[in-house]
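Chemist: Mind having a look at this structure? Questions to follow.
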Amino acid sequence: MNVQVIVLATVTGLVAGVIFGFFDVPIPAPPNAAGIMGIVGIFVGYRAVDHLGVGVNLLDALGL
């Protein structure tokens, strides 16, 4: 992933956060650090499985 995509995603998130805050609408994200770290953990776990190449295609396993 290149830096330009990361910067664009960050700016988009910041703009969305400003809009949610301006209109006093609750954000569709965990409201505390523990929830944020849970999302980070999911991402890191997914990337670890992808990097190690140990995964099962669930649809193939179910015959779908």
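Chemist: Is there a residue being modelled with pLDDT under 90, exposed (fewer than 10 other Cβ atoms within 10 Å of the Cβ) and among the polar types (S, T, N, Q) anywhere in the range 3-24?
Modeler: no
Chemist: Among the residues in the range 30-43, are any exposed (fewer than 10 other Cβ atoms within 10 Å of the Cβ), under 20 Å from the mean Cα position of the chain (by Cα), in a loop (DSSP other than H, G, I, E, B) and polar (S, T, N, Q)?
Modeler: Looking for residues that are exposed (fewer than 10 other Cβ atoms within 10 Å of the Cβ), under 20 Å from the mean Cα position of the chain (by Cα), in a loop (DSSP other than H, G, I, E, B) and polar (S, T, N, Q), one finds at least one in the range 30-43, hence yes.
Chemist: Based on this model, can you work out whether LEU62 counts as at pLDDT below 90 and surrounded by fewer than 10 Cβ atoms within 10 Å (Cβ to Cβ)? Break it down into steps so the answer makes sense when it comes.
Modeler: Details: at pLDDT below 90: no; surrounded by fewer than 10 Cβ atoms within 10 Å (Cβ to Cβ): yes.
For LEU62, the condition - at pLDDT below 90 and surrounded by fewer than 10 Cβ atoms within 10 Å (Cβ to Cβ) - is not met.
Chemist: Confirm whether ILE27 is part of a helix (DSSP H, G or I) and of a type outside the set (Ser, Thr, Tyr). Spell out how you get there, then give the answer.
Modeler: On the way: part of a helix (DSSP H, G or I): no; of a type outside the set (Ser, Thr, Tyr): yes.
Considered against the rule, which asks whether it is part of a helix (DSSP H, G or I) and of a type outside the set (Ser, Thr, Tyr), ILE27 comes out as no.
Chemist: Here is a further query. When both residues are 6+ apart or on different chains and their Cβ atoms are under 7 Å apart, which pairs have a first residue that lies in the range 1-27 and is without any contact (Cβ under 8 Å) to a residue 40 or more places away in the chain, and a second that is in a helix (DSSP H, G or I)?
Modeler: ILE27/GLY17; ILE27/PHE20
The values are calculated or read from the model by the stated rules, or taken from the named source; none is laboratory data. Computed from a prediction, not measured in an experiment: that's the story for all the values here. Here Cβ is always computed from backbone atoms with ideal geometry, including for glycine, and neighbour counts include all displayed protein chains.
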